[in-house]
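Step one of this worksheet: look at the structure below.
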There are 2 protein chains.
Amino acid sequence: MSVYTPAEVVEETGFSIDTLRYYEKIGLLERVGRNAAGQRRFSQEDIGWLGTIKCLRDTGMPIAQMLRFAELVRAGDHTIPDRIKLLEEHDQQVQGQLQNLVERQQYIRNKISYYRSVL
Amino acid sequence: MSVYTPAEVVEETGFSIDTLRYYEKIGLLERVGRNAAGQRRFSQEDIGWLGTIKCLRDTGMPIAQMLRFAELVRAGDHTIPDRIKLLEEHDQQVQGQLQNLVERQQYIRNKISYYRSVL
DNA sequence: GGTTGACCTGGAGTGGACTCCAGGTCGGAT
DNA sequence: ATCCGACCTGGAGTCCACTCCAGGTCAACC
């Protein structure tokens, strides 16, 4: 049952230590365990959860919604249908981002082509 | 040579009137023409530029960089190579976003599948 | 036994991009 | 005439997601 120091978690997750503390403060991360000196020692589970958080965050989910998701996770297995719903909505949202991005990228590329053509 | 009222531009571009004023204030939009009463009357060119702005903004370009681009455009045709460079860098950046999004989406979908499997 | 360096806390500050507000001007409809 | 709605200005306020700071603890290496 390995534990991780803050520095290791920073290394592994890409979150800054300030962000980790912030996430704990707002309850996105449940109270992390401490050693005798009061320093954080993250569990394997924490790391896993942070991976999920990172994925949701990097796909543009606002913190408020991640908090809702965190609450569902904590509330137990009976919330799984709600979690599916939340993730599916987010997936739709990501799908929209993707479509939008592809379209816009085309516009940018056309613009570049145009610029090239007038050189 | 048609002109557009603020309300029409809001309608056409999707920017709010406050955002339009803000963009003009910071110089992202060149001083827009006014009628006798001092009200804005946007030109066809303004609309075109706003389309470009919208595309760049919606693909995540920060305002500071859009400002640099605006300056290049204003500086004349000799900056076209620089504009190409800027847009290509941005295109790369968009490409990165896309790849990232696709990967993360897979993770989310796997998570959904997992949740479905435990129901 | 003194100096690092990694960590702690609560709370303040930052940056980016808007968004809102008070107080005012027009021109047209009732 | 007056009322309304669309617009104006300069400047203040908001929101989000961090990020930084001051002042402190602890363990370990030299």
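Quick notes on this one:
- Relative contact order of region B:24-119, pairs being alpha-carbon contacts under 8 Å that are 6 or more residues apart, as %: 16
- Cβ-based charge dipole, chain B, positive-most Cα from B:Leu56, B:Thr79, B:Leu119: B:Leu119
- Straight-distance crosslink candidates among aspartates and glutamates, where the alpha carbon sits under 14 Å from A:Lys111 and sequence neighbours closer than 8 are dropped: A:Glu103, B:Asp82, B:Glu88, B:Glu89, B:Asp91
- For B:Pro62, inter-copy separations between label points set 7 Å beyond Cα along the Cβ vector come to 2.3 nm, shortest first.
- Reachable lysines, given that their alpha-carbon falls under 21 Å from the alpha-carbon of B:Lys25 and they are not under 8 places away in the same chain: B:Lys54
- Secondary-structure-derived ellipticity at 222 nm for chain B, considering helices only, amounts to -23500 deg cm²/dmol, per-run term -39500 (n - 2.57) for DSSP H runs with n ≥ 4.
- Nitroxide proxy distance, nm - points 7 Å out along Cα→Cβ at B:Asn110 and A:Tyr22: 2.7
- Cα long-axis angle, helix A:63-75 against chain A (0 to 90 degrees, to the nearest 10): 40
- Measuring between their Cα centroids, region A:23-77 and region B:48-107 lie 34 Å from each other.
- Between 0 and 90°, nearest 10: helix B:17-26 axis offset from chain B longest Cα axis: 70
- Computed over chain B, the ratio Rg/Rh where both radii use C-alpha atoms and Rh is Kirkwood: 1.16
- Cα-based radius of gyration of the protein assembly as shown once divided by 2.2 N^0.38 Å, which approximates compact folds: 1.33
- Label point 7 Å beyond Cα of A:Ile63 along Cβ direction - residues of region A:26-52 with amide nitrogen under 19 Å: A:26-32, A:49-52
FYI, it's all coordinate maths here, none of it is from the lab. Computed from a predicted model, the values in this text were never measured in an experiment. We place every Cβ from the backbone using ideal geometry, glycine too, and count neighbours over all the protein chains shown.
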